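The structure under discussion appears below in the form of structure tokens.
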Amino acid sequence: MGYTVVIGLQWGDEGKGRIVDYLAESHSVVARFQGGANAGHTVSVNGEDHIFHLIPSGMLRKEVIGLIGAGTVLDLEVLVDEIDRIEKLTGVSTEGRLFVDGRASVVMPYHKSEDQWEEVYRGGIGTTKRGIGPAYRDRYARIGLIVADLFAKDLKSKVERALDFNNQILGSRYGKPPFSVGKMMDYLTALRDRIRSFVADVPAKLKQLEDEGHEILLEGAQGTYLDIFFGTYPFVTSSHTVSGGASVGLGIGPNKIQRIIGVTKAYTTRVGRGPFPTELNDEMGELIRSNGNEFGATTGRPRRCGWLDLVALRYSVLLNGVTELAITKIDVLSGIEEIKAAVEYDMDGERIKYPPITVDDWARIKPIYRSFKGWEKFWGTMLPVEAEEFVKFIEGELGVKATLVSTGKERNSMAKRW
Ligand code: IMO
Ligand code: MG
């Protein structure tokens, strides 16, 4: 059987964790392929919210096997904490149920420090300050530590080499004191023993699980417009958030991926700085924020809110090869009389159907809206006629069927449309 990948089509926070948790009912393996603890995936079970940053969201179901691929950057403290939490919540051990690729990058304490000071220094992208950018930078500069290094005989010399570079940045760029080799060695050796049993060769493990007949689900973090290549650069994260990232980040052939589920909210949000054409800086934006509880799961920051942007989504569908849509939080729009969605952009008097390339051009475009009649409220998972019309319009514009529409927070508040 082919694999299923779930990715965000907007600027993150689309509700991927919720969709993954739902699909984990029919998939016994869930794998993360990029990003790190910048992700904040919320899953509501029995009225309780659970937020995970690193561990695949599907692991809240105790029979699910989780994998973390080479393309991720791991904050080992967060990893260990989430292993403990998952074990408490499910009541079963994660041993033999969680596999972390030995090739994954390690986010070090100095990366988090640099991320923070870089934000102050440069004016800021509005990162999550989880050390993501500096950790990927070290990876590509070929001085980063990978998980397998923790068990190597020459760990100390690797740490020295990485520190030589990072301490110079901290010192001469930000005027901050250096991190010591001794402290970093203590940090790593303490955490190393906690993760030892999870380290694996993920491509080989996936092959084995596939051969055993497991249905495999790949969980994206962030969203398409935060992609390092295709996002609103430089207001992006540092990894490949598009569906192709799943192949690279896990070590599987692209032909393995059969279903590409693109997740979008019924409106748009963004945290951090950068272009956002349909942003609402008025009471409507406030209303959506409070109704949708649009505050960051990772940083607690209020999210910027706006109408659905079908121009951005149209291009996301293309970038990801989306085969199915999952629309989340449509219930948040209940009670709003007139709902809008951007169908085209106006750029200097010209109508465009895809977003421009540079952020300067993104800042120049004006969305052209279409209005929709709102609905009162949702009764269970039945879509009111007006909501169904809104969904049908989205499907028509994007040329993709919306197979899942979430109508509430709970696990089973999900309209299935196939
Ligand atoms: P999930 O998986 C929303 C944003 C940050 C910032 C930019 C770069 O929950 O959808 P980084 O810390 O990655 O260097 O920050 O990306 N960002 C997210 N926004 N959801 C996320 O993850 C995000 N992860 C990063 O706000 O603008
Ligand atoms: Mg988030």
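About the Cα centre of the stretch 220-352, how large is the charge dipole given +1 on each Lys and Arg Cβ and -1 on each Asp and Glu Cβ? Please answer in debye to the nearest 20.
660
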So what is the relative contact order of the chain, in percent, for Cα pairs below 8 Å that sit 6 or more residues apart?
20
Might you tell me the accessible area per residue for the stretch 349-401, computed with a 1.4 Å probe and given in Å²?
65
Run the quick spin-label model on Ser172 and Asp361: label points 7 Å from Cα toward the beta carbon, then report their separation in nm to one decimal.
3.7
When the accessible area of the stretch 1-112 is computed with all protein chains present and a 1.4 Å probe, what percentage of it is carbon and sulfur?
48
Taking only protein heavy atoms and a 1.4 Å probe, what accessible area per residue, in Å², does the stretch 105-194 have with all protein chains in place?
50
Return the single residue from Lys62, Lys329, Lys207 with maximal mean-square fluctuation; model: Gaussian network over the chain, springs between Cα atoms under 10 Å.
Lys207
Pull up the DSSP beta bridges for the stretch 1-101 and report the antiparallel fraction as a percent, rounded to 5.
40
Could you tell me what percent of the accessible area of the stretch 264-416 is made up of carbon and sulfur, with a 1.4 Å probe and every protein chain present?
51
Helix 181-195 vs. the chain, principal-axis angle (Cα, 0 to 90°, nearest 10)
70
Can you report the principal axis dimensions of the stretch 314-405 using only the alpha carbons, biggest first, rounded to whole angstrom?
43, 30, 19
Only bridges whose two residues both fall in the stretch 264-416 count here: according to DSSP, what percent of them are antiparallel, nearest 5?
75
In range of the label at Asn281: residues from the stretch 313-353 whose backbone nitrogen is under 19 Å from the point 7 Å along Cα→Cβ:
346
Taking the Cα centre of the chain as origin, work out the dipole magnitude from +1 charges on Lys and Arg Cβ and -1 charges on Asp and Glu Cβ, in debye rounded to 20.
740
Once you have the Cα-Cα distance between Val120 and Glu350, take 0.36 nm times their residue separation minus that, and quote the gain in nm to one decimal.
79.0 nm
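Return the calculated 222 nm mean residue ellipticity for the chain, to the nearest 500 deg cm²/dmol, obtained by summing -39500 (n - 2.57) across DSSP H runs with n ≥ 4 and dividing by the residue count.
-9500 deg cm²/dmol, from helical runs alone.
Taking a ≥ b ≥ c as the square roots of the Cα gyration tensor eigenvalues, with a/c under 1.5 meaning rounded and otherwise prolate when a/b beats b/c, else oblate, which class fits the stretch 105-194?
prolate
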Across the alpha-carbon set of the stretch 274-343, Rg over Rh with Rh taken as the Kirkwood radius works out to 0.98
In the Gaussian network model of the chain, springs joining C-alpha atoms below 10 Å, which of Tyr369, Tyr140, Tyr345 carries the largest mean-square fluctuation?
Tyr140
Considering only Asp211, Asp101, Asp346, give the residue with the highest GNM mean-square fluctuation for the chain, with springs between Cα atoms whenever their separation is below 10 Å.
Asp211
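The values are calculated or read from the model by the stated rules, or taken from the named source; none is laboratory data. Because the structure is predicted, anything quoted here is derived from the model rather than measured. Don't worry about glycine lacking a Cβ; one is built from the backbone with ideal geometry, like all the others, and counts go over all protein chains shown. With ligands, DNA and RNA removed, areas are computed over all heavy atoms of the protein, side chains included. Shrake-Rupley method; radii C 1.70, N 1.55, O 1.52, S 1.80 Å.
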